[in-house]
Amino acid sequence: MNRLEQLRSQLVGEGLDALLVSGCENLNYLSGFTGSAGFLLISPTRAILATDFRYIEQAKVQAPLFEVTEVRGEPHQWLPGLVAKVGSDALGFEARDITVAAYRKIEAALVREEVGLKLVPTEGLVEPLRAVKEYEEVKLITNAAALADAALAHARKIVRPGMTETALAWEIEKCLREGGSSVPPFDLIVASGPNGALPHARPSERTLSNGEPVVIDIGARVGGYASDLTRTLCMGEPDGRFRELYDLVLNAQLVALSGIRSGMTGEQADSLARGIIQDAGYGHAFGHGLGHGVGLATHEDPRLGPGASQELQTDMVFTVEPGVYIPGWGGIRIEDMALLTASGPRPLTHCPK
């Protein structure tokens, strides 16, 4: 109910009579409903969850604060009638989720059925609420982080030369699922040697060899909430280049973790690590942001990176993951999740670095 009231306060400030929520994570966050087909219609006095026959009983159980109504077909076929019952004049919709094609159909249906309603595109009404985590959310994220820690520890025990990237990725995923994770929140990354220069590489049949970097990026999901953890391993004796770049990335991460504070912008947090990597001459090789929020989605607010103006707040959860990527050689990335407290980030992942 507190989440709904916070959102309703924002609707007043935006001059909206109601909001159509269609984004999967936003819908889940506000209602508790986890089905794959649903919409929320929220006004100052009504909270309606519209879904099809497959999810009616599930919705009644998961979203007790909502009026559950069964709908059929696409939104333009049922939304005009539903909105007419609510009595809205200005309806906001999530512009990042509703396609232009769907918007045009809804608009045409409203005109055709003579529903006097203005459609207003909105962005960032629910996401900032999700960015500041509640106690129970932090517990679920912490549990998901612990599963990732355990899976990475398992990977360290079983990794060996001659093993393929796909084989190692599968062993890690089995460990996550057997430990209690639902479907991992993203495709696991195991990238060895030159493949590690691709920040979002997919596991291949390439075999692992001694002396080369192996980037492992994994996550678990518990109660709908995700974790995200990266370590870069080296089997056998690492060469001088590996040691140099690994120490550089680790130092950049530790400086950022010790320096980030509430009230900083995402860009200021990013600069703590980026400055160190740039000063070492590898600024060109750190092409992504320092981090991102994690919760119901793997990537959500806040964003830590160049141009990120959102201020960081206490109880936000985000990653801190500097990296250096050298085409033809490989990459180094070290990533931990942290909860921002009054005294700075508190790591939620604890796998040795």
Open item on the list: I'd like the residue in the range 147-174 that is crowded, with 18+ Cβ neighbours inside 10 Å and in contact (Cβ under 8 Å) with a residue 60 or more places away in the chain and, out of all such residues, is nearest to Asp228 (Cα to Cα).
Closed with: Ala148
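Is it the case that some residue within the range 158-171 is of a type in the set (Phe, Trp, Tyr), under 30 Å from Gly196 (Cβ atoms) and either assigned to a helix (DSSP H, G or I) or touching a His at 6+ places or on another chain (Cβ under 9 Å) (or both)? It would help to see each step written out before you state the result.
Kept after step one, since they are of a type in the set (Phe, Trp, Tyr), are these residues of the range 158-171: 170.
Pick out the ones that are also under 30 Å from Gly196 (Cβ atoms) and you get 170.
Narrowing further to those that are either assigned to a helix (DSSP H, G or I) or touching a His at 6+ places or on another chain (Cβ under 9 Å) (or both): 170.
Within the range 158-171, one or more residues are of a type in the set (Phe, Trp, Tyr), under 30 Å from Gly196 (Cβ atoms) and either assigned to a helix (DSSP H, G or I) or touching a His at 6+ places or on another chain (Cβ under 9 Å) (or both).
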TODO: Evaluate the range 94-112: report whether one residue or more is surrounded by fewer than 15 Cβ atoms within 10 Å (Cβ to Cβ), in contact with a Phe, Trp or Tyr (Cβ under 7 Å, 6 or more places away or on another chain) and either of a type in the set (Gly, Ala, Ser) or farther than 22 Å from Ala131 by Cα (or both).
DONE: no
TODO: Among the residues of the range 172-202, count how many are touching a Ser or Thr at 6+ places or on another chain (Cβ under 8 Å) and assigned to a loop (DSSP other than H, G, I, E, B).
DONE: 2
Task: Residues of the range 298-347 satisfying the condition of being polar (S, T, N, Q), within 24 Å of Lys139 (Cβ to Cβ) and either at pLDDT below 95 or touching a strand residue (DSSP E or B) at 6+ places or on another chain (Cβ under 6 Å) (or both) - done: Thr298, Gln313, Thr314, Thr319
Task: Matching entry among Asp239, Asp228 (being in contact (Cβ under 8 Å) with a residue 24 or more places away in the chain, charged (D, E, K, R) and touching an Asp or Glu at 6+ places or on another chain (Cβ under 8 Å)) - done: Asp228
Open item on the list: For the range 319-353, which positions are without any contact (Cβ under 8 Å) to a residue 24 or more places away in the chain and part of a strand (DSSP E or B)?
Closed with: Arg346
Task: Arg3, sole failed condition from (1) surrounded by fewer than 17 Cβ atoms within 10 Å (Cβ to Cβ); (2) farther than 27 Å from Thr298 by Cβ; (3) in contact (Cβ under 8 Å) with a residue 40 or more places away in the chain - done: (2)
TODO: Say whether the condition of being assigned by TED's automatic domain parsing to the domain that holds Gly307, touching a Cys at 6+ places or on another chain (Cβ under 8 Å) and farther than 21 Å from Met337 by Cβ is met by at least one residue in the range 236-245.
DONE: yes
Open item on the list: The conditions are (1) buried (at least 22 other Cβ atoms within 10 Å of the Cβ); (2) farther than 29 Å from Arg274 by Cα, and Arg177 fails exactly one of them. Which is it?
Closed with: (1)
Task: Residues of the range 305-318 satisfying the condition of being touching a helix residue (DSSP H, G or I) at 6+ places or on another chain (Cβ under 8 Å) and without any contact (Cβ under 8 Å) to a residue 40 or more places away in the chain - done: Gly305, Pro306
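Determine whether Glu5 is of a type outside the set (A, V, I, L, M), over 30 Å from Arg221 (Cβ atoms) and outside any loop (DSSP other than H, G, I, E, B).
Values: of a type outside the set (A, V, I, L, M): yes; over 30 Å from Arg221 (Cβ atoms): no; outside any loop (DSSP other than H, G, I, E, B): yes.
Taking the combined requirement at face value, the residue does not satisfy it.
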Task: Flag if Gly73 is free of Cβ contacts under 8 Å to residues at least 24 places away in the same chain and of a type in the set (Gly, Ala, Ser) - done: yes
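Here's the yes/no breakdown for (1) within 18 Å of the chain's Cα centre (by Cα); (2) buried (at least 24 other Cβ atoms within 10 Å of the Cβ); (3) more than 21 Å from Leu248 (Cα to Cα):
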| site | (1), (2), (3) |
| --- | --- |
| Arg303 | yes, no, yes |
| Gly307 | no, no, yes |
| Gln310 | yes, no, yes |
| Pro322 | yes, yes, no |
| Ile326 | no, no, no |
| Trp329 | no, no, no |
| Ile332 | no, yes, no |
| Leu339 | yes, no, yes |
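The values are calculated or read from the model by the stated rules, or taken from the named source; none is laboratory data. Computed from a prediction, not measured in an experiment: that's the story for all the values here. Cβ coordinates were reconstructed from backbone atoms using ideal geometry, including for glycine residues, and neighbour counts include every protein chain displayed.
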